[in-house]
Each structure stands twice: as structure tokens, then as C-alpha cells.
Amino acid sequence: MSGPNTDYDPVEVTPLKAEQVEAMREAALTAIAQAGSLDQLKQVRLDHAGDRSPLALANREIRALPPQARKEAGQRVGPARGAVSRALTERQAALEEEHEARILVEEAVDVTLPWDRLPVGARHPVTTLSERIADVFVAMGWEVAEGPVVEAEWLNFDALNLGPDHPARTMQDTFWMDPAENRVVLRTHTSPVQARTMLTRRPPIYVVCPGRVFRTDPYDATHSPVFHQVEGLVVDEGITMAHLKGTLDHFAASMFGDGITTRFRPSYFPFTEPSAEVDLICFVCRGVDSEECRTCRGEGWIEWGGCGVVNPRVLVACGVDPDRYTGFAFGMGIDRTLMFRHGVEDLRDVFEGDVRFTSAFGTEI
Ligand code: DAH
């Protein structure tokens, strides 16, 4: 009865010998001890305790042994697997603890650090001043109009009675968009918004338009190829130059304080007739004893912008009946106004984006 079990494959039982099981246990415990991270331990768990690990395979083979051998093998493999499993649990806990300790150090936030030393910047003074200017006019019932900075040549020039031979149309002053035959420019002034407004709405028109304009100017303390203007346009019945003067005096006082009024000097703009340069009473010397004044260089007056009565040719080009309506228009430099108001001496400060410049205006909203 007790012949050798010839059905049993002796190659399969080899791993169940005591020294083999011990070797598997040792290999597993060494690998567990050497696992330096949770990721490594995950791999070690697969290799030494997973379904295809040597000890798991050995355990599966126990079932194929004769009863007596099965018990012995079970007593070897079971404790070995138990030891590996305990070692894994312990190492897992140790590595987790280590991981947490490291995160606590690495990701620590020093809550005692000052939180209020980050420069937050400020709105750009050109923006705040543009809004303030618009407010002056909105308070009188005007509306704010806008137009694109990339503008059709016709609106930038022709509609405003700037004929093809006008000096302002030469390549020198104007940035042309490629390809040149499309006749598209970067607007050289905010005046095309006048044309756009008249073409899209009926009088009465009372609009103000602050915006960016472009010219092929040098970049120095008083020039920049990009700068800002504010345009004003009124078209209504019975509008005269007196309305223009009153409006600009109010605008000047709103910008520079009571008593700062304007004077008109005869000038020429193709889109207005008559036209005038607008001067401000020097807000430093107020025109009194101005010989010593460095701001107005003894003039008592400071140049501020241009204005006039809307040329009937412009009204006609934009579809407004010149027999029924008249209008006035003006255009001022916003950057120039900012420089006057705040004693900015170099125009480049306005465009260079240095936060130390903007921050000085930080409290303006
Ligand atoms: N567009 C003119 C310029 O850029 C400024 C100007 C002058 C605007 C007279 C006007 C105006 O509306 O009436 O130099």
C-alpha cells in the first residue's frame, strides 16, 4: 500500500522543503526591510506576497501533498507567510509615518511670515484719469463712445475732411497695417469716433471718447508712438462756439481746480471751422507773475488741445444735415493732462509699466 506516490511530481514539492521556504521568507523579509518608499514597498508586496509570489505558489502546492506531508508543509509555509505579512504591515506603517513626517516638513507653511508685503500694484493712472474725465461728461448727460484702434483710412482721414494730400496723411505720421492696399491704419487720433458716432446715430449727439492713438513719433520725454486722447463731440440744433468754450472751461476746472479756465487761439484743423488751440491758465502760477514760472515758461498759459465748430463738410460726409444741425468738437491729450495734474516730468514713466510709478496712484479708484 505504501509505495511511492508516483502521481506526484517531485519537482513541484521542492519549494516546500524547509530550507527553500526559509529562503523565500528571508528573501521577502530582506526586500521588505530594504524598501525605501511606499512605491517600492508596493512592488515588494506584489513580488513576495502577491498571487504569483513564491510563497503563494508554495501555499497552493500544499493541497497537492499527501495528508502528512501537507501538515508539515503547512506548518512551514503558513508561519513564513504570516511573518512576511506582518513585516509588510509594519514596514507600510513605518514608511507612511516617514512620508507624513517629510510632508509636514517640506510643505510646512510659516504662518508667522508677513502676508502684507506682496506688492499688489495699482490701476494705471491713465485708466483712472480716463474714467474720471468720462465721469465729468457723463455727469452733464453725455455718453461715452468707443471706436477701434485699428481703423479704416476713410474714417481716420477722409470723413474728417483730411484730403489725400494733407500732411498728416504722409507715411511719417501714420502706422499703416499690412497690406497697405487695404487702406487700414492704427488710428492717429480719436477723431474717427466722431465720424463713427454720426454715422450710427441721429442728433442730438453728446459723446466723449477716451482712447489710445498711434503715431510714428519718437519715444522720448515728451513723445511716444502710442498715447491717449479724449475726443468730445456735440451735434445739435443751435450749437455755437460759446457752448464749446463753456464746456471746456468746466472740463478744465474739473481737472485742475476752480479758477482754471481756458483761452482759444485761432488755429486750423480740417474737421473744424473755425478751429482753435485750447490753452489752460497755468495751474502753477495762475497767470500771476508768471515770468518766474517754470511750468508755463513765463507764458501764463499752457497748451492743452484742439477744438472747433464741426466743419459742415464733415457733417455732410457723415450724413448729418448741416442746415439743421451744428456742432463742436475737441481733442485733448490724456497723458499730457496726467502729466500736468501730477507733475510727471517724463512721458516714458507713463508707458514703461514700472509698478513704483503706478503705485504712487494706488489710492485712486
Ligand atoms: N484730432 C486732433 C489731433 O489729434 C485734435 C483735435 C483738434 C480734435 C480739434 C478735435 C478738434 O475734435 O476739434 O491733433
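The values are calculated or read from the model by the stated rules, or taken from the named source; none is laboratory data. In this text, all values refer to a predicted model and were calculated from it rather than measured experimentally. Don't worry about glycine lacking a Cβ; one is built from the backbone with ideal geometry, like all the others, and counts go over all protein chains shown. All accessible areas refer to the heavy atoms of the entire protein, side chains included, with ligands and DNA or RNA removed. Shrake-Rupley method; radii C 1.70, N 1.55, O 1.52, S 1.80 Å.
Points worth noting:
- Taking the chain, the Cys residues with no second Cys beta-carbon under 4.7 angstrom are 209, 307, 318.
- Most positive-pole-ward Cα, 260, 340, 228, against dipole of the chain from beta carbon charges: 228
- Among the GluC sites (Glu not before Pro) in the range 118-221, those located in a DSSP loop and surrounded by at most 13 other Cβ atoms within 10 Å of their own Cβ are 146.
- Length-normalised contact order of the chain in % [C-alpha pairs under 8 Å, at least 6 apart]: 15
- In the range 284-343, trypsin sites (Lys or Arg not before Pro) in a DSSP loop with at most 12 other beta-carbon atoms within 10 Å: 294, 297, 324
- Pairwise centroid distance, computed over Cα atoms, of the range 18-70 with the range 102-130, Å: 54
- Projected label distance in nm at residue 356 and residue 178, using a 7 Å step from Cα toward the beta-carbon: 3.8
- Taking the 1.4 Å solvent-accessible surface of the chain as the whole, the part contributed by carbon and sulfur is 53%.
- The range 125-361, accessible area per residue, ligands and nucleic acids excluded (1.4 Å, Å²): 47
- All aspartates and glutamates inside 18 Å of residue 17 as judged from Cα atoms, apart from same-chain residues fewer than 8 positions distant: 9, 26, 61, 72
- Gyration tensor verdict on the range 12-113 (Cα atoms; rounded if a/c is under 1.5, prolate if a/b is larger than b/c, oblate otherwise): prolate
- Loop sites in the range 11-92: trypsin sites (Lys or Arg not before Pro), DSSP, at most 14 other Cβ within 10 Å: 17, 52, 63
- In order along the range 219-224, the Karplus-derived 3J(HN,Hα) couplings, from 6.51 cos²θ - 1.76 cosθ + 1.60 at θ = phi - 60°, round to 10, 8, 5, 10, 10, 7 Hz, and Gly and Pro are given as x.
- Solvent-accessible heavy-atom area per residue, rounded to whole Å², over the range 10-106 at 1.4 Å: 64
- Extending 7 Å from Cα along the Cβ direction at residue 27 and again at residue 139 yields two label points whose distance is 8.9 nm.
- Spin-label model, residue 345 to residue 253: label points 7 Å out along the Cα-to-beta-carbon direction sit 3.3 nm apart.
- Cβ-defined net charge surrounding residue 302, 10 Å radius [Lys, Arg +1; Asp, Glu -1]: -1
- Unit charges at the beta carbon, dipole of the range 10-106: most positive-side option, 30, 88, 68: 68
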